[in-house]
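Report on the following structure.
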Amino acid sequence: MKSLKSLWQRADRRLWVLSILIGFVVTWLVNIVPFINKVERFAVFYLLLYGAFAIWTGFTLQNRRRCWQAFVFPVSFLLAAHLFGSKYSLYFAPAYLAVAYLAWSMVRANRNK
């Protein structure tokens with residue numbers, strides 16, 4: 001219990017809240033709103049918005065030694081996509097994790113030069 005409490009104190013709460021809001025709530029809204037078609041959902045939300053958020057996640061975690069918090073957004077997106085989205089959207093969760101990790105590792109590599 002003590003380690004869980006210290007883990008929560010070290011966690012970036014802003015990142016957690018935004019990751020859950022964008023990953024779950026926005027994905028849920030995008031999939032239930034009738035005036036957003038599949039092409040707009042794919043291009044605007046899945047590629048642009050979520051891709052940019054994954055990059056921002058990597059940059060936000062640049063001062064962290066370990067990037068385990070990068071899992072919060074892809075997991076919340078995966079849960080929402082599984083419950084409300086199309087089957088093809090499930091494949092984006094590992095891509096968002098890879099993009100966040102890539103951004104995190106590139107920033108850390110440039111900082112260590």
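Taken over segment 86-113, the criterion of being of a type in the set (Phe, Trp, Tyr) and open to solvent by 50 Å² or more (accessible area, probe 1.4 Å) is satisfied by Tyr88, Tyr91, Tyr101. On the given criteria, is Leu7 at pLDDT 90 or above and of a type in the set (A, V, I, L, M, F, W, C)? So Leu7 does not fit the description; no.
The values are calculated or read from the model by the stated rules, or taken from the named source; none is laboratory data. From a predicted model like this one, the values you see are computed outputs, not experimental measurements. Just the protein is used for accessible areas: all its heavy atoms, side chains included, with ligands, DNA and RNA removed. Shrake-Rupley method; radii C 1.70, N 1.55, O 1.52, S 1.80 Å.
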